[in-house]
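Heads up: the structure comes next, in structure tokens.
The values are calculated or read from the model by the stated rules, or taken from the named source; none is laboratory data. Everything quoted here is computed from the prediction, not taken from an experiment. Note: ideal-geometry Cβ built from the backbone for every residue, glycine included; neighbour counts use all protein chains shown. Ligands, DNA and RNA are excluded from the accessible area calculation, which covers all protein heavy atoms including side chains. Shrake-Rupley method; radii C 1.70, N 1.55, O 1.52, S 1.80 Å.
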Amino acid sequence: MTPSTYRPKVSIVMSFCNEPLQWIRFAVESVLEQTFRDYELIIVCDNPANTEGISYIEDLDDKRIILIVNKENIGPTRSFNSAIASSKGEYIARMDADDICLSERLARQVEYLDCHPEVSVCATDTHSIDRSGKIIRRNRHRKKHDHRLLAISNCIAHPSVMFRRSLLEIRNPLYNEDYIYSQDYELWQFLLLKGIRFHTLDQALLLYRRSDEQISSAKRRKQAELFKKAHKKFITEWLIAHGIT
């Protein structure tokens, strides 16, 4: 089978912009150290001036890695869609450049989706880490398995998600590019209205980095604004679907 016709089981999509090189390295190495090996890793650089990050990716000797360098900054949402458009896997997994996968992450999610065809989105529990990588909160999502909670809050760790390619038959591109933030929450609510089933694994299989320096106050305000917009849209469409005007 030639490389052009080979289809891996999983496509992992990740983007980076201004993250420290050490964080990018930890994120990528955590993928390369997965026990599950049948995957491709599609990395989008959303900052062509980040030559240090680009050089690091280019120097990695692994044919499973595909690097896309945007000509200009287009934001995470469009970068996610670009990576997904280039992917070939049966399952698509999200990953952020400042997080760390535990070694069994892909294996556990693939196993679950293979055994539960009724579920289309599989997330995992997470541990929160600080800038240095120290765990500051364990099992952040363990008590949030009732996905009806998505009607009022975001109970899914976006970078822990693996979903079926078949979701692209419902909406393509998958992420709404009107949302530069909270694009995941908008997507979850869209999928809820379509009857898509979610599941969160009990195991913490991702170290989720938390840093107040990652998001400025202006970005936080915009993120809150788009979160409310997605929530209002969901409530409106749910009411209409139930004949309530």
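So the values come out like this:
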read-out	value
Sole residue being modelled with pLDDT of 95 or more, aliphatic (A, V, I, L, M), over 27 Å from Ser120 (Cβ atoms) and in contact with a strand residue (DSSP E or B) (Cβ under 8 Å, 6 or more places away or on another chain), chosen from Ile54, Ile12	Ile54
Residue in the range 62-75 that is at pLDDT 95 or above and under 17 Å from His199 (Cα atoms) present	no
Matching option when the condition is β-branched (Val, Ile, Thr) and over 15 Å from Tyr185 (Cα atoms), among Val119, Val161	Val119
Hits in the range 75-113 - residues which are polar (S, T, N, Q), crowded, with 21+ Cβ neighbours inside 10 Å and more than 15 Å from Ile42 (Cβ to Cβ)	Thr77, Gln109
Close pairs from the range 225-237: first touching a residue at least 60 places away in the same chain (Cβ under 8 Å), partner open to solvent by 80 Å² or more (accessible area, probe 1.4 Å), Cβ under 8 Å, at least 6 apart	His231/Ile152
Pairs, first among the charged types (D, E, K, R) in the range 99-113, second open to solvent by 30 Å² or more (accessible area, probe 1.4 Å), C-beta under 6 Å, six or more apart	Asp99/Tyr208; Glu104/Thr35
Ala157 being modelled with pLDDT of 85 or more, small (Gly, Ala, Ser) and under 20 Å from Gln223 (Cβ atoms)	yes
Among the residues listed as Ala218, Ala230, the single one being hydrophobic (A, V, I, L, M, F, W, C), assigned to a helix (DSSP H, G or I), at pLDDT below 80 and buried (at least 17 other Cβ atoms within 10 Å of the Cβ)	Ala230
Leading residue by the ranking (nearest to Asp99 (Cα to Cα)) among those in the range 116-131 that are open to solvent by 10 Å² or more (accessible area, probe 1.4 Å) and acidic (Asp, Glu)	Asp130
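For every residue, the table says whether it meets (1) part of a helix (DSSP H, G or I); (2) closer than 26 Å to Asn176 by Cα; (3) touching a His at 6+ places or on another chain (Cβ under 6 Å).
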| site | (1), (2), (3) |
| --- | --- |
| Val13 | no, yes, no |
| Arg25 | yes, no, no |
| Thr35 | no, no, no |
| Asn47 | no, yes, no |
| Gly53 | yes, no, no |
| Glu58 | yes, no, no |
| Leu67 | no, yes, no |
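Here's the yes/no breakdown for (1) surrounded by fewer than 16 Cβ atoms within 10 Å (Cβ to Cβ); (2) of a type in the set (S, T, N, Q); (3) without any contact (Cβ under 8 Å) to a residue 12 or more places away in the chain:
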position	(1), (2), (3)
His158	no, no, no
Ser166	yes, yes, no
Tyr181	no, no, no
Trp188	no, no, no
Lys194	yes, no, no
